[in-house]
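Just so it is clear, none of the values below were taken in a lab; they were calculated from the coordinates. Everything numeric in this text was worked out from a predicted model, so none of it was measured. Cβ sites come from the backbone with ideal geometry, for glycine too, and all protein chains shown count toward neighbours.
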């Protein structure tokens, strides 16, 4: 009898924890299903191309540009930042597993001890701090160039963001809520454009789907303008006539956590060109 | 004297016509202006040759008199599209004061003529 009770209790607990932890996976599956329905011609692995996947001419132009990218010199600057030793002789590679190769796809992750989301940029600054160096400005050009190179060491790695535990789930839920909440004078949410209107044209811009948006940052917009993912959040919010937040604010980090989780399973490629 | 009245009358009439044309022109430029209505962001306007590079998030604005015989309904759609459809992505131009009441009247006049 007692054993039976324990079994039932254990099953109940398992069920409860399952229903909690299953929700991001369910969200993602539902969204993939939705995009398949509204954009049946686009294959899952092409989601990383966003709006380019919807327009063969634009994609062909993009392929041309990517075969000889205009940002080569900028990327070299990022590389030399990554490789230049700190005053103590150590390098960035000392702060990351495998010297920084195939790690960027694990970010952002939820740090249970700190109780918040840690972005790749946070890990870069933590590394600088640990080695007695000045931290870089979030959303600044230096951070952009450095991470453009540092993330390229993870090219081909699948985005692998995990949401485990109550606190992590709460951060994910906050990011999700932000994504779906309407704000600004024009009354848009992120989802108004990238979920509800994905594939449609707003003026002459075709709207990308959320899944696949997070696997290729930073981007060089217009060829040489380095743009981080959170810079892009700001640009979209300006277009919505909403007040953009600060880079590395808790809301943006949670938003990045949610948006990047949705790109799970897709290969990283950094940096890329966008118009 | 009689001739004079006629001239005066036609003058007034043409002035009236001109101001009506101006109103439509104003409504159109408000509808096109990216900082104002920016209706073209989402709606094609096939009946207006100047309406270029339009988006397709909303339905094309055509046969408006037929589809919206009641001007008040058309104005209400522009004032706050989320009343008729809470999930609408169309910005609530009146409720959120994106356009003034006067500007909404002008845009409504323009759209009704499409």
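Below is a table of values for the structure above.
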read-out	value
Given (1) on the phi > 0 side of the Ramachandran plot; (2) outside any loop (DSSP other than H, G, I, E, B), number of the condition residue A:122 does not satisfy	(1)
Of residues in the stretch A:206-233 being assigned to a helix (DSSP H, G or I) and touching a residue at least 60 places away in the same chain (Cβ under 8 Å), the one farthest from the chain's Cα centre (by Cα)	A:231
Pair list, Cβ under 8 Å, 6 or more apart: the stretch B:38-50 residue on the phi < 0 side of the Ramachandran plot and touching a residue at least 60 places away in the same chain (Cβ under 8 Å), other residue buried (at least 21 other Cβ atoms within 10 Å of the Cβ) and not in a loop (DSSP other than H, G, I, E, B)	B:39/B:31; B:39/B:107; B:39/B:111; B:45/B:31; B:45/B:39; B:48/B:28
Extreme residue, farthest from the other protein chains (Cβ to nearest Cβ), among residues of the stretch A:172-189 that are in contact (Cβ under 8 Å) with a residue 60 or more places away in the chain and crowded, with 21+ Cβ neighbours inside 10 Å	A:172
Among (1) out of contact with any helix residue (DSSP H, G or I) (no Cβ under 7 Å at 6 or more places or on another chain); (2) over 21 Å from residue A:263 (Cα atoms); (3) in contact (Cβ under 8 Å) with a residue 60 or more places away in the chain, the one test that residue A:131 misses	(3)
Of all residues in the stretch B:33-46 being over 14 Å from residue A:200 (Cβ atoms) and either within 11 Å of another protein chain (Cβ to nearest Cβ) or more than 13 Å from the chain's Cα centre (by Cα) (or both), the one that is surrounded by the most Cβ atoms within 10 Å (Cβ to Cβ)	B:39
Those residues of the stretch A:152-171 which are in contact with a helix residue (DSSP H, G or I) (Cβ under 8 Å, 6 or more places away or on another chain), surrounded by 16 or more Cβ atoms within 10 Å (Cβ to Cβ) and either within 19 Å of residue A:27 (Cβ to Cβ) or within 14 Å of chain B (Cβ to nearest Cβ) (or both), in sequence order	A:159, A:160, A:161, A:163, A:169, A:171
Qualifying positions in the stretch B:58-91 - surrounded by 15 or more Cβ atoms within 10 Å (Cβ to Cβ), part of a loop (DSSP other than H, G, I, E, B) and touching a helix residue (DSSP H, G or I) at 6+ places or on another chain (Cβ under 7 Å)	B:61, B:68, B:89
Failed item, numbered, when residue A:222 is tested on (1) in contact with a helix residue (DSSP H, G or I) (Cβ under 8 Å, 6 or more places away or on another chain); (2) closer than 20 Å to residue A:269 by Cα	(1)
Among the candidates B:47, B:55, residue that is in contact with a strand residue (DSSP E or B) (Cβ under 6 Å, 6 or more places away or on another chain) and in a loop (DSSP other than H, G, I, E, B)	B:55
Cross-chain or 6+ apart pairs with Cβ under 6 Å, the stretch B:87-104 first and touching a residue at least 60 places away in the same chain (Cβ under 8 Å) and more than 7 Å from chain A (Cβ to nearest Cβ), then surrounded by 20 or more Cβ atoms within 10 Å (Cβ to Cβ) and in a helix (DSSP H, G or I)	B:103/B:30
